[in-house]
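Notes to accompany the following structure.
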Protein chains: 2
Amino acid sequence: MKKSIIITFALAASLAAGAQQALFDVNNLTSPEVHADGTVTFRLFAPKAVTVEVEGDFLPPQVVDTPRGKYESAGKAALKEGEKGVWSYTTPTALQPEMYSYKFKVDGMDWLDPSNVYRCRDIASFANIFIVSAQQGDKGWLYDVNDVPHGNVSKVWYPSPTLQTSRRMTVYTPPGYDKGGRFPVLYLLHGAGGDEDAWTTLGRAAQIIDNLISEGKVKPMIVVMPNGNANCDAAPGEWHKGMYKPSFMGHQASKPVASTEESFKDIVSYVDKNYRTKANKKCRAICGLSMGGGHSFGISKLYPDLFDYVGLFSAAVSLNVRGFDGLNDRGQKVAPEVEKQLATMFAKKPALYWIAIGSTDFLYDNNKTYREYLTSKGYPFTYVETEGGHIWRNWRIYLTQFSQLLFK
Amino acid sequence: MKKSIIITFALAASLAAGAQQALFDVNNLTSPEVHADGTVTFRLFAPKAVTVEVEGDFLPPQVVDTPRGKYESAGKAALKEGEKGVWSYTTPTALQPEMYSYKFKVDGMDWLDPSNVYRCRDIASFANIFIVSAQQGDKGWLYDVNDVPHGNVSKVWYPSPTLQTSRRMTVYTPPGYDKGGRFPVLYLLHGAGGDEDAWTTLGRAAQIIDNLISEGKVKPMIVVMPNGNANCDAAPGEWHKGMYKPSFMGHQASKPVASTEESFKDIVSYVDKNYRTKANKKCRAICGLSMGGGHSFGISKLYPDLFDYVGLFSAAVSLNVRGFDGLNDRGQKVAPEVEKQLATMFAKKPALYWIAIGSTDFLYDNNKTYREYLTSKGYPFTYVETEGGHIWRNWRIYLTQFSQLLFK
């Protein structure tokens, strides 16, 4: 009977597949296919298409000129139609180890690769992903799931008395956490349009930390990834506002009663109470990208006794506050309360104040102004400049670098 | 400065959106739109398309006749082209409260709705989802995230000495778990082609249990959702075999050293050690769908002292074992060891042995044979028959019903 059940199963599966996928993936294509020599082939079954392109960050970016200025867009390449309606494109050269994202354009319209179930959401749109790795330690290896011990990733609801609600965050506990002991904590913040899921999807945070711990390059640590939009309790679809379309600024119809910075102490206090943390400043770090970099800037100065390590990744930093319109004694528009908070924080000598940005980031000048201010005050910081712009590729690099400097 | 940063941000967002989405969703469409009267409108911007259809389980199924037999396929409806390349379709009548899945077909080819970021993977293909709810307690409400206390959902790596590897499972802990106390445990198993993610995506298990707990209809419980493929450590892309294409039978190139049934004690023992469980038979339940129903059948009889509640959802049950070719004294092909295990288990009088299946399920006859065997032996069981076939819509109903019967 067992055999007959298996046959029935196989038949049902094949029929179901026939119903769902025959027109779509009739050739059971492999796409993308990373070849031994590092080149990559993309394939799509699209017998009625006139043009098929692949658009992705593995191709040289295009500079697009608009009335509002120039910007970089992902590069494109044309697929060629072969037999039986299957289009394909192979990269002319090997791709460097990296996590890449792409989508197809069929007759000009975006289309995810149906042969590749691996895809990430960025605000309201999806892209397929793939990883190229040549050897242990390269970026592809760091972002991949390897045969190393894995930490656990949890979606945790915690009370926020300050925001008068319950909120959702992602918590990574390192391999071995279930065996006991106490651990330092990295608070890892997302950017505008992101949420508590972003660092574990686009950011590959669990893989990066797993892999670096396995190599002895990062101390086993808890990583807390909260939701940085005070007007959202959770990621889209994960709280009671329903399955709304994600936007850049969180949930605009919700009015928070306090800011992300003000409410952050609720998170630290929940984590210290519910996890086996080393609950002291030397064992706490905070970093974030873009808006989350701005939050890291703001939270670290608002709570100068909480964090010994601060990382600003392509950060949106403001030295001013709403309503202040004066100039300080150097002719800078710096609000007195910001000056005071920064003075207090730097007087307490944080172990690391780390700033990283890409050379073509649209926040480059904003960061330059902030670095100049820090230098003018004699506040020590570490500065890392990379190629490229305001992109996840850089933020994964920054997490890789910053995490190795912590809790030493 | 803050204001100028926000403007810069908005500009960057708009440019990025322009780069990524202009051709795709230029009209910033809402799709699907659930209207106040319960009808639903689908919209797609597809100016070059010749035909656009929506295929989904909210439409009457089509019966497809193939050389291998008839089967049901999701129903289809045609969208009409309106202004500016926007196609649309509105259901003629209100949809009943339910979670629905659908995709578009553009010139015959599958296409996910780009305006709807909510989508679930089923083996190797994706479908968009949406939920219709009219009032508290209906199916839509049960599957939705409501303003009720939420449990936490964790991806947990545990050692399996029997399978000689580390494996990943999903663990739901109920609201209030962080306040202390001990809880009963439901082991909730997926079907062939699924993995430890399936019940929390297609199955809406966290929402169902959250909502039923909030209504006082389900006891606060831990829900453990392991990976039922002994040849996989984890879901596709979540273990070191890389980003392979998911298939119906797990990872065929991996050879497990033991079966799912044999290794299940590793899971129970890890859960009892690492969670605050009520570690006794009266406080343990096991259930599963399809292959996972077969596993629940097998595990409950292999470990007759572990589970007081057993649920078989559209289960693949086999009374025979590989290699046995005889008949029992009733002329049935039932392996003596299976008879013996079932006799032992039923002699210990489980609190509930619950069997549910849809009237058009391809395993209906298989289940009927098993029920007849149970009746012939005088083994008590509860039987629930629903409409429909081997589909998630039924398995969500079965979880809703079964969970309310537990630990009373």
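Selection over the stretch B:386-407 of residues that are within 15 Å of residue B:363 (Cα to Cα), of a type in the set (A, V, I, L, M, F, W, C) and not in a loop (DSSP other than H, G, I, E, B) gives a count of 2. Within the stretch B:255-305, the set of residues being touching a Lys or Arg at 6+ places or on another chain (Cβ under 7 Å) and of a type in the set (Ser, Thr, Tyr) comprises B:277, B:303. Scanning the stretch A:31-60 for residues that are over 17 Å from residue A:110 (Cα atoms) and surrounded by fewer than 20 Cβ atoms within 10 Å (Cβ to Cβ) yields A:33, A:35, A:36, A:37, A:38, A:39, A:41, A:60.
One residue alone among A:201, A:170 is crowded, with 23+ Cβ neighbours inside 10 Å and modelled with pLDDT of 95 or more, and that residue is A:170. Could you list, in sequence order, all residues of the stretch B:61-81 that are over 23 Å from residue B:392 (Cβ atoms), among the acidic types (Asp, Glu) and either at pLDDT below 85 or surrounded by fewer than 13 Cβ atoms within 10 Å (Cβ to Cβ) (or both)? Passing the criteria: only B:65.
Exactly one residue out of B:100, B:177 is of a type in the set (Ser, Thr, Tyr) and either free of Cβ contacts under 8 Å to residues at least 24 places away in the same chain or within 28 Å of residue A:119 (Cβ to Cβ) (or both): that is B:100. Here is a check on your reading of the model: is residue B:103 buried (at least 17 other Cβ atoms within 10 Å of the Cβ), under 21 Å from residue B:60 (Cα atoms) and either charged (D, E, K, R) or assigned by TED's automatic domain parsing to the domain that holds residue B:194 (or both)? Here the answer is yes, as residue B:103 does meet what is asked. Only one entry in B:137, B:193 is within 30 Å of residue A:175 (Cβ to Cβ) and touching an Asp or Glu at 6+ places or on another chain (Cβ under 8 Å), namely B:193.
Restricted to strands (runs of 3 or more DSSP E) entirely inside the stretch A:63-131, those with at least 1 residues that are within 23 Å of residue B:103 (Cβ to Cβ) and facing chain B (nearest Cβ under 7 Å) are A:109-111, A:119-122. For the stretch B:238-250, the set of residues classified as under 29 Å from residue B:207 (Cα atoms), more than 19 Å from the chain's Cα centre (by Cα) and without any contact (Cβ under 8 Å) to a residue 60 or more places away in the chain consists of B:243 only.
Number of residues in the stretch A:341-372 that are assigned to a helix (DSSP H, G or I) and either closer than 24 Å to residue A:405 by Cα or touching a strand residue (DSSP E or B) at 6+ places or on another chain (Cβ under 8 Å) (or both): the value is 12.
Across the stretch B:257-312, which residue is surrounded by the most Cβ atoms within 10 Å (Cβ to Cβ) among those that are within 14 Å of chain A (Cβ to nearest Cβ) and part of a strand (DSSP E or B)? Out of the qualifying residues, it is B:289.
Does any residue of the stretch B:34-57 turn out to be within 12 Å of chain A (Cβ to nearest Cβ), in a strand (DSSP E or B), within 15 Å of residue B:99 (Cα to Cα) and of a type in the set (Val, Ile, Thr)? The answer is yes, given that some residue of the stretch B:34-57 is within 12 Å of chain A (Cβ to nearest Cβ), in a strand (DSSP E or B), within 15 Å of residue B:99 (Cα to Cα) and of a type in the set (Val, Ile, Thr).
Residues of the stretch A:118-142 that are charged (D, E, K, R) and surrounded by fewer than 21 Cβ atoms within 10 Å (Cβ to Cβ): A:119, A:121, A:122, A:138.
Just one residue in the set B:383, B:379 is over 15 Å from residue B:301 (Cα atoms) and not in a helix (DSSP H, G or I); that residue is B:383. Among the residues of the stretch B:37-58, is any among the basic types (Lys, Arg) and closer than 19 Å to residue B:129 by Cβ? Checked against the condition, which is being among the basic types (Lys, Arg) and closer than 19 Å to residue B:129 by Cβ, the stretch B:37-58 yields at least one hit. In the stretch A:362-376, the count of residues that are in contact with a Pro (Cβ under 9 Å, 6 or more places away or on another chain) and assigned by TED's automatic domain parsing to the domain that holds residue A:184 is one or more.
Would you mind telling me which numbered condition in (1) outside any loop (DSSP other than H, G, I, E, B); (2) in contact with a Phe, Trp or Tyr (Cβ under 6 Å, 6 or more places away or on another chain) residue A:317 fails? Failing condition for residue A:317: (1). Scanning the stretch B:313-361 for residues that are surrounded by fewer than 20 Cβ atoms within 10 Å (Cβ to Cβ), of a type in the set (Val, Ile, Thr) and under 22 Å from the mean Cα position of the chain (by Cα) yields a single hit, B:360.
Does residue B:158 satisfy being touching a residue at least 60 places away in the same chain (Cβ under 8 Å) and among the hydroxyl-bearing types (Ser, Thr, Tyr)? Yes, satisfied.
The values are calculated or read from the model by the stated rules, or taken from the named source; none is laboratory data. Note that this is a predicted model, so its numbers are computed, not measured. Every residue, glycine among them, receives a Cβ derived from its backbone with ideal geometry; neighbour counts consider all protein chains shown.
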